[in-house]
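Below is one structure, written out as structure tokens, with a few remarks after it.
What follows is calculated from the coordinates using simple rules that are stated; it is not laboratory data. Note that the structure is predicted; figures quoted are calculated from it, not measured. No Cβ is skipped: glycine too gets one built from the backbone with ideal geometry, and neighbour counts run over all protein chains shown.
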Amino acid sequence: MAEGEDQGNSISADFVKLVSNDEHEFILKRSHALTSGTIKAMLSYPTNFKNKEMSKVQFREIPSHVLCKVCMYFAYKNRYTNSTSEIPEFPIEPRLPWSF
């Protein structure tokens, strides 16, 4: 196995792809995605993917503007969990159409 292939496997294992109902793809760290118990459960099912392929979760009812904000929250949550500094409020624009 070539050296680049090992690195590719490691990168694929460290990231997941979340796909919105309008086919926008969001690639984020697996550790961030596992903030969600639902995503954690979805990723724990046996898959048909080879180890080389990145795990992918399709959200058929969530539009990209909502999934984008969810991904931002995962990064926020990961950044401020166990933080000793003051935690800023997570920004949510009240005028966005959140219903889906």
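Tabulated values for the structure
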read-out: Amide proton proximity set for LYS56, modelled H, under 5 Å, gap of 5+; value: LYS17
read-out: FRET efficiency, 1/(1 + (r/R0)^6) with R0 25 Å, evaluated for GLU89 and PHE15 via beta carbons; value: 0.35
read-out: Rough spin-label spacing in nm, given labels placed 7 Å along Cα→Cβ, for TYR80 and SER31; value: 1.9
